[in-house]
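First comes the structure, then the notes that go with it.
A short reminder: the numbers here are calculations on the coordinates, not readings from a lab. Every value quoted in this text rests on a predicted model; they were computed, and no experiment measured them. Counting neighbours? That spans all protein chains shown, and the Cβs are built from the backbone with ideal geometry, glycine included.
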Amino acid sequence: MKKFLVVLVGLFMAQTLMAAETPKIVTVDVLRAVMSTEEGKIKIEKLKGEFEKEKAGLEALNMKGKKLQDRIQKDGAVMSTDERHKLEKELMEIAQELKFKEQQLKQSGQADQRQVVESMLPKFQQAMKQIIAEQKIDMVLRREAVLDLNPSLDITDLVVTKMNSIKD
């Protein structure tokens, strides 16, 4: 009789667990959400203008280096050793400066992107709270942390729409 009761209780518990609603888990791509909003696009466009100026400076430096390299290849055989070494040294300095400026530009771009995300984080959080309440979501994971998922579980587009509808 005791074994029968244990089995009966076990079956009852299993049935209760199976009847419980499965948790609703979704993902969101925070960066894509922020950058896809109207406000995010405007901020990024503004930063692109500044980025293009910096990029033009890099292009000019790159062209200077190519001209110098062409000169060394073309006239190197008839140049004095001192003149050739001087031009090669100048070319190396240009290459180092170019590498340094490219690295600075990349870091600056990443910092600008972080700044845009941080400035829009309160709006993102507000949109997420509303969506979580409306959709009765139990857990939200960052899209970057998930290896693979059903696309219907990604709410990024919904977050973009909600963020666009929130007025400051």
What angle do you read, to the nearest 10 degrees and between 0 and 90, between the alpha-carbon axis of helix 38-75 and the longest principal axis of the chain?
-> 30 degrees
Taking the chain as the reference, fit the longest principal axis to its C-alpha atoms, fit the long axis of helix 81-135 to the helix C-alpha atoms, and give the angle between the two in degrees, 0 to 90, nearest 10.
-> 20 degrees
Return the lysines within reach of Lys89: Cα separation strictly under 23 angstrom, same-chain partners fewer than 8 residues apart disregarded; answer none if there are no such residues.
-> Lys64, Lys66, Lys67, Lys74, Lys99, Lys101
For Ala77 and Ser165 in the same chain, what is the full-extension length gain: residue separation times 0.36 nm, less their Cα-Cα distance, in nm?
-> 24.9 nm
Summing -39500 (n - 2.57) over the DSSP H runs of n ≥ 4 in the chain and dividing by its residue number, what mean residue ellipticity at 222 nm do you reach, to the nearest 500 deg cm²/dmol?
-> -27000 deg cm²/dmol
Lys/Arg +1, Asp/Glu -1 at C-beta; the chain dipole; positive extreme among Ile94, Gln107, Ile72 = Gln107
Report relative contact order for segment 22-165 in percent, whole number only (criteria: Cα-Cα under 8 Å, sequence separation at least 6).
-> 59 percent
Sort the following peptides by mean Cβ neighbour count (other Cβ atoms within 10 Å, averaged over residues), highest first: 99-107, 144-152, 62-70.
-> 62-70, 99-107, 144-152
